[in-house]
Each structure stands twice: as C-alpha cells, then as structure tokens.
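*Asks:* Dropping the structure in here first, questions after.
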Amino acid sequence: MSYEIFLPKAKDQKEEVLVHLINQAKQLRAVKEVEWWFNYYYLQGVRNISNLNYQEGTLDVNYVNEYGLLQFRYEDIVSKFQSQTGRLLRIDLTPKVVRRNVGLEGMRKSAVAQVALDSVMTHSAVEQLKLSAIPMLLNYGIIGTVVWIDGQDMGIEVISPWEILPIPPSPVVSGDVRGLARVRTVPVDWLKKLAITPGEGAQVWTEMDKTSVPRGHIDSQADASDQQQFRTFHQTVGIGSALKQQRKKDKTEAEVAEMQEIWMKDSRGNLKEYILMAGNRHLHTIDYTGYNVPMPIATANDMVTGDFWGRSFVSLQIPLNMELEDSVSQLMQNVKDLDIYGIWAFPSSMGIPNEAARGSDGIRRFQYEPDYSVPEAKPLQMKPINSGTFPVQAIQAATQLNNAIANQPEGLLKGDAPGRVDSSSGLGLLYETSNTPLSPTASSLSQAIIQNYQSMLALMQMRWDDSRIIEISALDDTLAGVVLDPSSGTMSLADNALPMPSEVSITVQSMMPKSTEQEKMELTNALQMQTITLTEYRIMVRKKGLDLPVGNESEWQNYRRAMMENIQLFGDGTQTGQITISDKDLHEVHLEVLQAFMARPEFFLASEEVREAFQQHYEQHIGFLAPIPDQMPYPEDAAEEEAMMMQQQPQQQPQQQPQQQMMT
C-alpha cells in the first residue's frame, strides 16, 4: 500500500503548495522538453537546430543553413517511424468486459457494463484514439490519457507530454507518483462557462494571472522556441491594470490563463481528490474519498526504461540517422566532385588536336608533354582527392545498426519470410516473434486505456440516472442478461443497473497486433480438417471481419436474429421476453445457436419460466424443421409415455407372483 499526500484544507495554503509543486516539476521537466522539441523538428525536416537550453527547455531552429539553403536530408527515420506506427495501429483497444464469477448476477453485470462502454467508445472513437496516441507516443516517449465529461457525455482525450507533470515533481519510477497534473493555456471566457467554476462576477477572475493575446492565439507550448517571444510581445494583465480598462470593449484580443488540473491518489491508487486551478488561483475541488473511482488520468510510455518519462522510438533513431545523413551527403558530394573537379589529361604525342579534344560535357581536358623515356604514353584521369566510395561502407554499417535499434522485421515488412510459410502455425510463430519488441509499448498503452475504461464505468454509475437510454451496437452471447427494447435496439438503466469497476474485469480486445492473414489460415485449416462446419466457417469469417467471399447472406442474418432472440428471450434471467418466429427462418442455424446457449451454465441458473420459454422456442424450430404427421405423437411425448410405462412394470410383477404360487 502506497502513501498519500495530504494537502492543506485552507484555500490559500493549498494554492501555495500546489503552485510550488507545479513550478518545481516544470523545472525538472525542462531536460526532457529539449529532447521532445528536437524530435519534433527533426521529423519535420529541420536540420539546423542549435542553442539547446536544458534549464529553460528551449532551442533554436532554422529550416535553412547559414547560406540560406536547405541541407541534404536522409529520411530513413520517417520510414521506420511510419512502419512502427502501422504495426501498433493493429492492436485493438475496443473495451472488453469479462465477468468475475460464473453466476447469473455476474453475467448481468458484465453484459450491462459492455453495452455502456460500447455506447461511449464506438469503433470510430477507438480508431481516432489510436491515431492520436500512437504517433505522439513514438515521438516523445510518454503521453497522457484522460476521461473527459460534458454533462452525461464521456470520452477519452490524449494529453501531450508538455502538459503532464508528476506529483511529487521528481519520481524515480512511475510507482512513486501520488498525483498527476495537467497544465495548459486556455481562454478565460471558456473557463467561466464551465459548470464547476465560480460565477462571472467572482473575485477570483480578477486575482488570477492572465495574459492578453490576439483572439484565437493560444499558447499550446508545442513550440518552445517561441515561448520567450510570446511572453515579450504580450503584456501580462494584473489586478487594477490600466490595460484592462482600455481593452474592455476590444473584441480582437482575449484573455488566456494557465489552467491547472490536479488528480491526487489515495493509498490504493484510486482518485482521492480533483482540484481545478487557473492562473495560480483555486477554482474548484471535488472530493472522491470513499467512492473507489479509478484514476481518470493515466500515462503510457514507449520505451519503458524504469523512468517516469521513459524514452521514445524516435530518440533512439536520430543519432545514427544523423551519421547516415552525413555519410550519404558526402557520397553524393564525391560524385559531384568527380564530375566537376576531375581532369582528363592526354599526351600531345597522340596527335589529338585541341579542337577534337574540346567537348561540352564539362570535363576538364589538357595536353601534357610526355616523358619519352616512358613507353606507351596514354591519357590519364586525375581524380579529385576525397573519401571516394568509403562512405558506402559506413552507410552499410550504420544502416545495419539502425535496423537493429529499430527492432523491426525488415523481411516481413516487405512481404518476405525465411523459408516457406504455408501453415497458420508457422505464420503465427513468425508474427508473434516479430511483435515481441512491441510488447512493452503495446502493454503500457493498453493498461492506460484500461484504467480510463474503469474510471469511465465508475463515473457512469455516479452521473447517469435511470432515465439514460443506451444504444446497443453489438449482437452476441456476451449481452445475455441485458433487458433491451428490441424495437429500438436500446437498453434502459431503469431495468439494467450499472456495476462498479471492482465487480467486473475490464480489458481490451487485443493488447498485441493481430494478423488477419493468420486468422484466415486458421479458419481455412479448421474447415479442411472438419473441425468446424461450413456454416460455422462463414459465420466466423463475418464475425472477425475477414475479407473473404463467403456468400450466403441469409444464413448470416438468421444467425444475427437468433442471437437477438436469445438475448430478448433470456432477459435478466428471471423474467422472459417475447419473440416471434417464422416458417421462413433457417431453422438449422437457429437451432445451432439455441443449443450452444442452452448448454451454458448460466442458463441452468435462470428461472424455470425462462428455461421453459427456451424449451418451447427450441421445439417450435424443431417442428418447423421436421413437421410431425397427424395422429403421430411428438418424440418428446412418446419418450415420456415410455418412461412412465417402464416405471409401472416393476410394480405389476410382484402382484402377479402370489397368484402363480396359489395356482401351483
């Protein structure tokens, strides 16, 4: 169990403590900021980077050299950056809720939580989250993710590293962090419209530190080289400033302030307190003690080296890429020197007139008087003195080192593989081995998102009331236990209570990149070995979203309807719903889905009414599949009559034996 940091209760003392912690964390972060800005500009093609100030976290950049020309750029680092981004984009961060126990109540809680999280984190929202998080993570080595709330709407936002500050300011490892702060510059007008901030006429708005800037100009701190210029050309507005009166009606400028959000942890790592400050003044505090809400803000690292800030993929690539750039540039210059400064000398004794030797190809030519004591005088090529082709060897060595540091399977990324790969197991082994270096990055990002999902579920339970209607976006057996409205495809919280995060297990669909080709081969092999039927093959292809022409659309739609019927008929496991079947259904598909559902342990925990409804539903499909002729009993009835007759036979035999004895 970790320790807690107890902040003062008095507002002025709390402000003083937090301002001190934030300012000290900014100073210690300056060293990392230089690395971030260097990586940022290097990927943009800037090569003239100078005046690295590790105390202020600033640097100077220039796109051209001292002659006003663009320098030669070798952009292999961009290709590796794109490849690494593409590999990590294959992970599936869609929320996945797993029940903690096999009971009926555990099934209900996991199903309701799954629907609630799916309604907030749609497929497009998850994809946008990955596109925002992964490139930034590879470039800077650390990002933050935080749950945002607007009324009853929620989502996850990616935080830039220059907005993150740890509390205490100098943690050795991530486990030492007892709080996180997000510091950014925002318009004061926007702050005043927040529901948790004081009213328009509150005194705090005049006391806080503000800056007047041209409207629309927000200092995001993404360009550290402009910080001093920004502070110099814009006057800070204080209490009683004369500029405030002069610009009161000037709508071309707006006031901005530094917004400071602080999340403090309790001893168990849950959210203890949320504090909102702006311009070094306290605005609002929310106490979460006793609510067991997971921290809504989390951090993820690219290279997990034990440090809180970590290291980035780009930082490891830049040094060798700079050497490669110099070597390639020198090699290209050597070729130019050979054409520009090379000389072709031919002896005058060859009888070549000057008119014939003169050309327009730029080669310098001159005649020389040969030494007649040396036989076989012939033309000479006088090369310029340079390193020649030696840079090629340096380039090859540096490229191999760069590939080793990148930890990327060059062959697999080009479509090659060592030997023949004609089985799903062989392809899976290669793919899993090649993805091993991605495990720390993918796991760190997944754990941060999982923490956000846990916090979202807890905040949903606190903020969503029974009138909330949630749309259902998926149809499978994991939703069994949800009471839904089949006409609108929605779920009401009045009939489905949201669980706490501690009552379910929340994860993501896949922490590691998935290979669609491997999944195709696995399904095809299973079909060839008759492990699965052709119907199961077609359904699995569609469920996994694999790009295969399987056809038989009616079969897939019947499968979806069968899933919907199971969820609707099962309800919450105590009261059943109403469904309608048709003689046009593919009854084989419905029966297959029904048999799998009725074999689940949770089915036998349901009420007798629910189980009886499923049995009748099953018999109806059996009846449509094979109609029973008139005057012929149903197989179930015949079996029941036969069992009753077998029970009566032992009772009749003892009565017949005494009669036989009397006759003898």
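*Asks:* Within the range 1-49, take every residue that is assigned to a loop (DSSP other than H, G, I, E, B) and in contact (Cβ under 8 Å) with a residue 24 or more places away in the chain and give me the one that is surrounded by the most Cβ atoms within 10 Å (Cβ to Cβ).
*Replies:* So in the range 1-49, the residues assigned to a loop (DSSP other than H, G, I, E, B) come out as 1-10, 44-47.
The next check asks that each one be in contact (Cβ under 8 Å) with a residue 24 or more places away in the chain; those that pass are 1-5, 7, 45, 47.
Numbers: Met1: 7, Ser2: 12, Tyr3: 9, Glu4: 15, Ile5: 15, Leu7: 19, Gly45: 12, Arg47: 17.
Filtering the range 1-49 for residues that are assigned to a loop (DSSP other than H, G, I, E, B) and in contact (Cβ under 8 Å) with a residue 24 or more places away in the chain, the one surrounded by the most Cβ atoms within 10 Å (Cβ to Cβ) comes out as Leu7.
*Asks:* Also, quick follow-up: Restricting to the range 278-292, and then to whatever is assigned to a loop (DSSP other than H, G, I, E, B) and closer than 24 Å to Ser160 by Cα, can you tell me which residue is most open to solvent (accessible area, probe 1.4 Å)?
*Replies:* Within the range 278-292, the first condition is being assigned to a loop (DSSP other than H, G, I, E, B), and the residues that meet it are 279-280, 288-292.
Now narrow it down to the ones that are closer than 24 Å to Ser160 by Cα: 279-280.
On the way: Gly279: 4, Asn280: 41 Å².
By that ranking, first place goes to Asn280.
*Asks:* Return the pairs, sorted by first residue and then second, in which the second residue is assigned to a strand (DSSP E or B) and open to solvent by 50 Å² or more (accessible area, probe 1.4 Å), the first residue lies in the range 475-495 and is more than 19 Å from Ala562 (Cβ to Cβ) and touching a residue at least 12 places away in the same chain (Cβ under 8 Å), the beta carbons are less than 6 Å apart, and the residues are 6+ apart or on different chains.
*Replies:* Pairs that qualify, where the first residue is more than 19 Å from Ala562 (Cβ to Cβ) and touching a residue at least 12 places away in the same chain (Cβ under 8 Å) and the partner is assigned to a strand (DSSP E or B) and open to solvent by 50 Å² or more (accessible area, probe 1.4 Å), are Thr490/Ile469; Thr490/Glu471; Ser492/Ile469.
*Asks:* Moving on. Residue under question is Thr531, and the condition is that it be out of contact with any strand residue (DSSP E or B) (no Cβ under 6 Å at 6 or more places or on another chain) and open to solvent by 60 Å² or more (accessible area, probe 1.4 Å); does it hold? Working first, answer last.
*Replies:* Details: out of contact with any strand residue (DSSP E or B) (no Cβ under 6 Å at 6 or more places or on another chain): yes; open to solvent by 60 Å² or more (accessible area, probe 1.4 Å): yes.
Spelling it out, Thr531 is indeed out of contact with any strand residue (DSSP E or B) (no Cβ under 6 Å at 6 or more places or on another chain) and open to solvent by 60 Å² or more (accessible area, probe 1.4 Å).
*Asks:* Please go through the range 467-477 and pick out each residue that is crowded, with 16+ Cβ neighbours inside 10 Å and in contact with a strand residue (DSSP E or B) (Cβ under 8 Å, 6 or more places away or on another chain). Give the derivation first.
*Replies:* Step one: filter the range 467-477 for residues crowded, with 16+ Cβ neighbours inside 10 Å, giving 468, 470, 472, 475, 477.
Across the range 467-477, the qualifying residues are Arg468, Ile470, Ile472.
*Asks:* Would you mind stating whether Gln84 is free of Cβ contacts under 8 Å to residues at least 12 places away in the same chain, closer than 23 Å to Met303 by Cβ and out of contact with any Gly (no Cβ under 8 Å at 6 or more places or on another chain)? Give the steps one after another, and end with the answer.
*Replies:* Working: free of Cβ contacts under 8 Å to residues at least 12 places away in the same chain: no; closer than 23 Å to Met303 by Cβ: yes; out of contact with any Gly (no Cβ under 8 Å at 6 or more places or on another chain): yes.
It is false that Gln84 is free of Cβ contacts under 8 Å to residues at least 12 places away in the same chain, closer than 23 Å to Met303 by Cβ and out of contact with any Gly (no Cβ under 8 Å at 6 or more places or on another chain).
*Asks:* Name every residue in the range 128-175 that is charged (D, E, K, R) and surrounded by 14 or more Cβ atoms within 10 Å (Cβ to Cβ), in order of residue number.
*Replies:* Residues of the range 128-175 that are charged (D, E, K, R), as a first pass: 130, 150, 153, 157, 163.
Selection gives Lys130, Glu157, Glu163.
*Asks:* From the list Gln55, Gln71, pick out the single residue that is surrounded by fewer than 19 Cβ atoms within 10 Å (Cβ to Cβ), at negative phi and touching a Lys or Arg at 6+ places or on another chain (Cβ under 6 Å). Even if it seems obvious, please write down each step before you answer.
*Replies:* On the way: Gln55 fails: touching a Lys or Arg at 6+ places or on another chain (Cβ under 6 Å).
None of the other options fit; the residue is Gln71.
*Asks:* May I pose another question? Filter the range 487-496 for residues that are assigned to a loop (DSSP other than H, G, I, E, B) and in contact with an Asp or Glu (Cβ under 9 Å, 6 or more places away or on another chain) and give the result. Working first, answer last.
*Replies:* Just the residues of the range 487-496 that are assigned to a loop (DSSP other than H, G, I, E, B), to begin with: 487-489, 493-496.
Ser488, Gly489, Leu493, Ala494, Asp495, Asn496, listed by residue number.
*Asks:* Checking the condition exposed (fewer than 12 other Cβ atoms within 10 Å of the Cβ) and either at pLDDT 60 or above or over 30 Å from Asn496 (Cα atoms) (or both), which residue from Pro391, Pro437, Pro418 passes? Working first, answer last.
*Replies:* Numbers: Pro391 fails: exposed (fewer than 12 other Cβ atoms within 10 Å of the Cβ); Pro437 fails: exposed (fewer than 12 other Cβ atoms within 10 Å of the Cβ).
The match here is Pro418.
*Asks:* Separate question: Going by the structure shown, is Gln578 open to solvent by 30 Å² or more (accessible area, probe 1.4 Å) and either farther than 16 Å from Ala613 by Cβ or touching a residue at least 60 places away in the same chain (Cβ under 8 Å) (or both)? Quick ask: steps written out before the conclusion?
*Replies:* On the way: open to solvent by 30 Å² or more (accessible area, probe 1.4 Å): yes; either farther than 16 Å from Ala613 by Cβ or touching a residue at least 60 places away in the same chain (Cβ under 8 Å) (or both): no.
No; evaluated as a whole, the condition is false for this residue.
*Asks:* What tally of residues in the range 147-183 results from selecting those that are more than 19 Å from Val31 (Cα to Cα) and of a type in the set (Lys, Arg)?
*Replies:* The total comes to 1.
*Asks:* Also, I was wondering about something else. For the condition at pLDDT below 85, out of contact with any Phe, Trp or Tyr (no Cβ under 6 Å at 6 or more places or on another chain), part of a helix (DSSP H, G or I) and surrounded by fewer than 16 Cβ atoms within 10 Å (Cβ to Cβ), what is the one hit in Glu619, Glu641, Glu609? Please lay out each step first, then the result.
*Replies:* On the way: Glu619 fails: at pLDDT below 85; Glu609 fails: at pLDDT below 85.
Selected residue: Glu641, the only one of Glu619, Glu641, Glu609 that is at pLDDT below 85, out of contact with any Phe, Trp or Tyr (no Cβ under 6 Å at 6 or more places or on another chain), part of a helix (DSSP H, G or I) and surrounded by fewer than 16 Cβ atoms within 10 Å (Cβ to Cβ).
*Asks:* A further question on this structure: Hey, can you tell me all the residues within the range 90-108 that are open to solvent by less than 50 Å² (accessible area, probe 1.4 Å) and touching a helix residue (DSSP H, G or I) at 6+ places or on another chain (Cβ under 6 Å)?
*Replies:* We begin by selecting, within the range 90-108, every residue open to solvent by less than 50 Å² (accessible area, probe 1.4 Å); these are 91-95, 97, 103-104, 106-108.
Once the filter is applied, which keeps residues that are open to solvent by less than 50 Å² (accessible area, probe 1.4 Å) and touching a helix residue (DSSP H, G or I) at 6+ places or on another chain (Cβ under 6 Å), the range 90-108 yields Ile91, Leu93, Thr94, Pro95, Val97, Leu104, Met107.
*Asks:* Of all residues in the range 483-528, count the ones that are open to solvent by less than 60 Å² (accessible area, probe 1.4 Å) and hydroxyl-bearing (Ser, Thr, Tyr).
*Replies:* 7
*Asks:* Can I ask one more? Does Leu271 satisfy being at pLDDT 90 or above and either open to solvent by less than 30 Å² (accessible area, probe 1.4 Å) or not acidic (Asp, Glu) (or both)? Walk me through how you get there before you give the answer.
*Replies:* On the way: at pLDDT 90 or above: yes; either open to solvent by less than 30 Å² (accessible area, probe 1.4 Å) or not acidic (Asp, Glu) (or both): yes.
Criteria met by Leu271.
*Asks:* When the residues of the range 254-268 are narrowed to those that are among the hydrophobic types (A, V, I, L, M, F, W, C) and farther than 15 Å from Lys11 by Cα, which ends up surrounded by the most Cβ atoms within 10 Å (Cβ to Cβ)? Before you say what the answer is, go through the steps one by one.
*Replies:* Restricting attention to the range 254-268, the residues satisfying the condition of being among the hydrophobic types (A, V, I, L, M, F, W, C) are 254, 256-257, 259, 262-264.
Applying the additional criterion that residues be farther than 15 Å from Lys11 by Cα yields 254, 256-257, 259, 263-264.
Values: Ala254: 20, Val256: 25, Ala257: 22, Met259: 21, Trp263: 21, Met264: 21.
Selected residue: Val256.
The values are calculated or read from the model by the stated rules, or taken from the named source; none is laboratory data. Predicted model, so just to flag it, every value in this text is computed and none were measured. Positions of Cβ are backbone-derived with ideal geometry, glycine not excepted, and every protein chain shown enters the neighbour counts. Just the protein is used for accessible areas: all its heavy atoms, side chains included, with ligands, DNA and RNA removed. Shrake-Rupley method; radii C 1.70, N 1.55, O 1.52, S 1.80 Å.
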